[in-house]
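Q: I'd like to ask some things about the structure below.
Laboratory data are not the source of any read-out in this text; all were calculated from the coordinates shown. The model shown is predicted, which means the values in this text are computed figures rather than measured ones. We place every Cβ from the backbone using ideal geometry, glycine too, and count neighbours over all the protein chains shown.
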Amino acid sequence: MKVLVVGSGGREHALVWKIAQSPRVEKIYCAPGNGGIGQMAECVPIGAMEFDRLADFAQENQVDLTVVGMDDPLVGGIVDVFEARHLPVFGPRKNAAILEGSKAFSKELMKKYHIPTAGYETFESAEEAQKYLETARFPIVLKADGLALGKGVLICMNKEEAMAGVKTIMLDKQFGSAGNRLVVEEFLTGREVSVLSFCDGKTIRPMTSAQDHKRAKDGDQGLNTGGMGTFSPSPFYTEEVDAFCKKYIYQPTVDAMAAEGRPFQGVIFFGLMLTDQGPKVLEYNARFGDPEAQVVLPRMENDIVDVFEACIQGTLDQVELKFADNACVCVVLASGGYPEHYAKGYEIHGLENFAGKDGYYVFHAGTKAENGKLVTSGGRVLGVTALGKDLREARSNAYEATKWVDFTDKYCRSDIGKAIDEA
Ligand code: AMP
Ligand code: GLY
């Protein structure tokens, strides 16, 4: 069969790599893809938001399955466009992707269906929000309602910061129309865990757990980024936590979406905080995480194409997900200066060192082919990933492999997975 993947980051590279393992797949396209993806799939120069052109391409090339990796096209309704043309597609429809697209929607859903999350209020005007903050407890969390590249969340230590934050989001519109509404949320503390799960509208099958590192610098200092590295599984995600989440969070979320007339088919990403009062939902995403996919997919033993089809056909109850009893760590190699100012266009050396090395992967995020060479083309450049028998071995393997590649201004955190020493 022929598969089209929509997206261009490390997550999509991991998806293309995993799909390529399926004996059922003979050809993979990726739109628009990147330099590394181009070595495994045929990159198609169509943007992820060009829904009609993508559907035309799928139709003309008899694509049997389209898999959408990114949030923007899902929230924008790409799945509805494909379905209207009877083109098989994996991902939630627009009316379900709102689970990620609007934080006000997701908070209201959790409140209505008693799914554990931080207490909150939603505001339509800066004046009302600031009035509420006059008597609030600090720290407090401000969240722009809509999609903001993972940057629309401000943690405010005191009233002054919170007042300034309301201005940034609602009046200065730093995150554009995502800031038309504001969610003000109780500040939670605890370990963060990401759990990605397949859904067919009724049944939910969680994958193995992972943990991301969102801040740019060691020790969780510096600015928020798209993600600087991940490990899987999380040693803090115990069987007890898993049982709680299945009963009070995962299935209730799928049931709630179905009850609202918004059946969710695709991947729900649960961003969880393990608090003293038990696990709570920090956020939902409507897709695989990036760079969570890079550490979860190498541990998955199923043919992922079978699982995608079960989600589309509503037969996920007949699928049992299997993950290897090992561990995986991904260290992101970024361009120095990311997430603020950084240069692009530097040649990348040493990628050939990964050839033939079992259990080592280099997933490309911001690379492109130029005159027969691969050069940097983004802030996050590569996700150097390694398996190991346990987390410590995987971490040591991944850091060893970061030395195999080089480019000017290469930067990575040195403490990805350090938390496992505290487990
Ligand atoms: P989000 O985009 O909602 O995942 O938020 C980004 C990051 O902000 C999360 O990964 C957390 O580290 C932090 N965060 C979000 N909500 C809260 C909260 N209610 N309390 C404490 N930290 C939070
Ligand atoms: N790694 C966080 C995300 O994909 O949103």
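Q: What is the projected area of the convex hull of the Cα atoms of the range 294-400, averaged over all directions, in nm²?
A: Over all viewing directions, the range 294-400 projects a mean Cα-hull area of 9.1 nm².
Q: Another question about this same structure. Work out, in µm²/s and without decimals, the Stokes-Einstein translational diffusion coefficient of the range 332-373 at 25 °C, 0.890 mPa s, Rh from Kirkwood over C-alpha pairs.
A: D = 199 µm²/s.
Q: For the chain, with only Lys/Arg (+1) and Asp/Glu (-1) charged at the beta-carbon, what is the dipole magnitude about the Cα centre, in debye rounded to 20?
A: 260
Q: Per Stokes-Einstein, at 25 °C and 0.890 mPa s, what whole-number D in µm² s⁻¹ belongs to the range 6-150, with the Kirkwood radius over Cα pairs as the hydrodynamic radius?
A: 139
Q: Let me ask another. Can you sort Thr208, Thr376, Thr408 by how many other beta carbons sit within 10 Å, fewest first?
A: So the residues, fewest neighbours to most, are Thr408, Thr208, Thr376.
Q: Give me the number: length gained by fully extending Tyr132 to Asp220, i.e. 0.36 nm times residue separation minus the C-alpha to C-alpha distance, one decimal in nm.
A: Here the segment from Tyr132 to Asp220 would lengthen by 28.7 nm.
Q: Apply 1/(1 + (r/R0)^6) to the Cβ-Cβ distance of Asp242 and Lys111, taking R0 = 25 Å, and write down the FRET efficiency to the nearest 0.05.
A: Efficiency for this residue pair is about 0.55.
Q: Mind checking which of Pro32, Ala97, Ala55 is farthest towards the positive end of the chain's charge dipole, using Cβ charges of +1 (Lys, Arg) and -1 (Asp, Glu) about the Cα centre?
A: Of the listed residues, the answer is Pro32.
Q: Which shape class applies to the range 241-300: rounded if a/c is under 1.5, otherwise prolate when a/b exceeds b/c and oblate if not, where a ≥ b ≥ c are the square roots of the Cα gyration tensor eigenvalues?
A: Since a/c reaches 1.5 but b/c is at least a/b, the shape of the range 241-300 is classed as oblate.
Q: Right, another one. Going by how many other beta carbons lie within 10 Å of each one, how would you line up Trp404, Trp17, fewest first?
A: Fewest to most other Cβ atoms nearby, the residues stand as Trp404, Trp17.
Q: Follow-up question, since we're still on this one. Under 11 Å from a point 7 Å along the Cα-to-Cβ line of Lys173: which residues of the range 146-162 have their amide N that close?
A: No residues fall inside that zone.
Q: Can you tell me, using C-alpha contacts under 8 Å and at least 6 residues apart, the relative contact order of the chain as a whole percent?
A: Answer for the chain is 16 percent.
Q: Note down, for the chain, the three equivalent ellipsoid semi-axes (square root of 5 times each alpha carbon gyration tensor eigenvalue), biggest first, whole angstrom.
A: Rounded to whole Å, the semi-axes are 31, 26, 22.
Q: For the range 272-309, which GluC sites (Glu not before Pro) are in a loop by DSSP, counting at most 14 other Cβ atoms within 10 Å? Mind showing how you got there, number by number?
A: Working: sites: Glu283, Glu292, Glu301, Glu309; in loops: Glu301.
Loop-located and lightly packed - Glu301.
Q: What is the range 242-390's relative contact order, in percent, from Cα pairs under 8 angstrom and six or more apart in sequence?
A: Over the range 242-390, the number comes to 20 percent.
Q: Also: Just in the range 279-332: which trypsin sites (Lys or Arg not before Pro) are loop by DSSP and have at most 12 other Cβ atoms within 10 Å?
A: Sparse-neighbourhood loop trypsin sites (Lys or Arg not before Pro): Lys322.
Q: Once you keep just the Cα pairs under 8 angstrom separated by 6 or more residues, what percentage relative contact order results for the range 177-317?
A: Taking the mean separation of contacting Cα pairs over the length of the range 177-317, I get 32 percent.
Q: Given 37 °C and 0.692 mPa s, compute D for the range 189-339 with the Stokes-Einstein relation, Rh being the Kirkwood radius over Cα pairs; round to the nearest whole µm²/s. Walk me through the numbers before you get to the answer.
A: Details: Rh = 16.1 Å.
Estimated via Stokes-Einstein, D reaches 204 µm²/s.
Q: Extension gain Phe187-Ile155, at 0.36 nm per residue separation less the Cα-Cα distance, in nm?
A: Roughly 10.7 nm would be gained on extension.
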